[in-house]
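First up is the structure itself, then whatever we jot down about it.
The values are calculated or read from the model by the stated rules, or taken from the named source; none is laboratory data. Worth saying up front: this structure is predicted, and the values here are computed from it rather than measured. All Cβ positions, glycine included, derive from the backbone under ideal geometry; neighbour counts span all protein chains shown.
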Amino acid sequence: MTDDMEDSKKYQGLGFGLGLRKEHYQDVIDSFETEDSQQTEHSINVDWFEVLTENYLVPGGKPLYYLEKIAEQYPMVMHGVSMNIGNTEPLDKNYLEQVKLLKNRINAHWLSDHLCWTGTNGSNAHDLLPLPYTEESVKNVADRISQVQDFLGCRMLIENVSSYVSYKQSDMSEWEFLNEVAERADCLLLLDINNIYVSSVNHEFDPLDYLLQVPKQRVQQFHLAGHSDYGDYVIDTHDMPVCDAVWSLYAKAVERFGDVTFMIERDDNIPPLNELLLELDLARDVSENVLKGGYYSSLVQNLQMKQESKPLQQQKIPA
Ligand SMILES: [Fe+2]
């Protein structure tokens, strides 16, 4: 099958987006709504937003009020942390029903969750725990993703997680595991470039080996994020800007995968929206330059210098 035929499995790309966070609700609403009327042009340069599924599953309340208002103006995708797709217990149909309702409510373009397990016997670890990379595990996860896709009636995205431990039982690499799961479940991939970097430091592999062996035709979306570097190990904290090494890896990812829907995750130490918009502009510049055939090694540094000298051109910075 050609790449073009395989690409027909993907959803249409959405461009450059951000995670929607409550600290920015009002700024985002102000981007399309003035005191007197709705603006036809948005005053911030964001193509779409990703929302954390679990924050909006309860009907009613302020979060859903803001979300529905914003979803009328911007394309949305959903990103979950509770599917527990690596577990071996029956899927939580009640949760999946709520996910399906929210997807319809905000007309989400797609939804994603993580290649991990998050608890067992009713307990919740509140963490995205890695799986053993074995044939048995591939079969279990792929079967469960297929069940979810059948239930939801759409193809979902699975994201690679960052990890700090591995299993003695694993007999394949993480990327071989990811590829096998995606192939058997016929799902799409959300490739988190920062997670690849974090795990490459913690488990001492070359992140380019990972990038080069992920199937191009299944990569629907990228995540980038900041992490905390402790020298011997790295923790995936999402509380600071994306670092140079991850930008460089992103440039390589654009070389390999092309113009993939892009998003920056910031979950802690949330800065003013304008700071994230500048990071998003940097991503646009990196992508554009790489796609034009620019040499990537000095590219990120040069673009960052350009960003630093750029005046803030978006709307007011929130107090
Ligand atoms: Fe991510």
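Within the range 99-150, work out how many residues are of a type in the set (Phe, Trp, Tyr), within 16 Å of the ligand (Cβ to nearest atom) and free of Cβ contacts under 8 Å to residues at least 60 places away in the same chain. Even if it seems obvious, please write down each step before you answer.
Start the filter on the range 99-150 by keeping residues that are of a type in the set (Phe, Trp, Tyr), which leaves 110, 117, 133.
Subsequent filtering for residues that are within 16 Å of the ligand (Cβ to nearest atom) retains 110.
If we keep only those that are free of Cβ contacts under 8 Å to residues at least 60 places away in the same chain too, we end up with none.
Residues flagged as of a type in the set (Phe, Trp, Tyr), within 16 Å of the ligand (Cβ to nearest atom) and free of Cβ contacts under 8 Å to residues at least 60 places away in the same chain within the range 99-150 amount to 0.
Residue-wise test of (1) of a type in the set (S, T, N, Q); (2) surrounded by fewer than 19 Cβ atoms within 10 Å (Cβ to Cβ); (3) over 22 Å from Asp268 (Cβ atoms).
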position	(1), (2), (3)
Asn45	yes, yes, yes
Pro63	no, yes, no
Leu102	no, no, yes
Leu111	no, no, yes
Leu128	no, no, no
Tyr133	no, no, yes
Find the residue count for the range 216-241, including only residues that are buried (at least 16 other Cβ atoms within 10 Å of the Cβ) and closer than 23 Å to Trp110 by Cβ.
11
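Would you mind finding the one in Ala251, Ala225 that is touching a strand residue (DSSP E or B) at 6+ places or on another chain (Cβ under 9 Å) and in contact (Cβ under 8 Å) with a residue 24 or more places away in the chain?
Details: Ala251 fails: touching a strand residue (DSSP E or B) at 6+ places or on another chain (Cβ under 9 Å).
Result of the check over Ala251, Ala225: Ala225.
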Please enumerate the residues belonging to the range 242-269 that are surrounded by fewer than 21 Cβ atoms within 10 Å (Cβ to Cβ) and among the aromatic types (Phe, Trp, Tyr).
Phe257
Just checking, how many residues over the range 113-171 are outside any strand (DSSP E or B) and touching a Cys at 6+ places or on another chain (Cβ under 7 Å)?
8
Mind telling me which of the residues Lys69, Lys93, Lys103, Lys168 ends up being over 24 Å from Val214 (Cβ atoms) and touching a Pro at 6+ places or on another chain (Cβ under 9 Å)?
Lys168
When the range 60-85 is checked residue by residue, the ones that are of a type outside the set (A, V, I, L, M) and within 16 Å of the ligand (Cβ to nearest atom) are His79, Gly80, Ser82
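Only residues that are polar (S, T, N, Q), over 16 Å from Cys116 (Cβ atoms) and within 12 Å of the ligand (Cβ to nearest atom): list them for the range 182-221, please. Show your work before the answer.
Taking the range 182-221 first, the residues polar (S, T, N, Q) are 194-195, 199-200, 202, 213, 217, 220-221.
Next, from what is left, pick out any that are over 16 Å from Cys116 (Cβ atoms): 200, 213, 217, 220-221.
Across the range 182-221, the qualifying residue is only Gln221.
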Take Asp92 and tell me if it is surrounded by 14 or more Cβ atoms within 10 Å (Cβ to Cβ) and free of Cβ contacts under 8 Å to residues at least 12 places away in the same chain.
yes
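Restricting to the range 151-166, and then to whatever is away from the ligand (no atom under 16 Å from the Cβ) and modelled with pLDDT of 95 or more, can you tell me which residue is surrounded by the fewest Cβ atoms within 10 Å (Cβ to Cβ)?
Gly153
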Selection from the range 25-43 of residues that are surrounded by fewer than 14 Cβ atoms within 10 Å (Cβ to Cβ) and touching a Pro at 6+ places or on another chain (Cβ under 8 Å):
Gln26
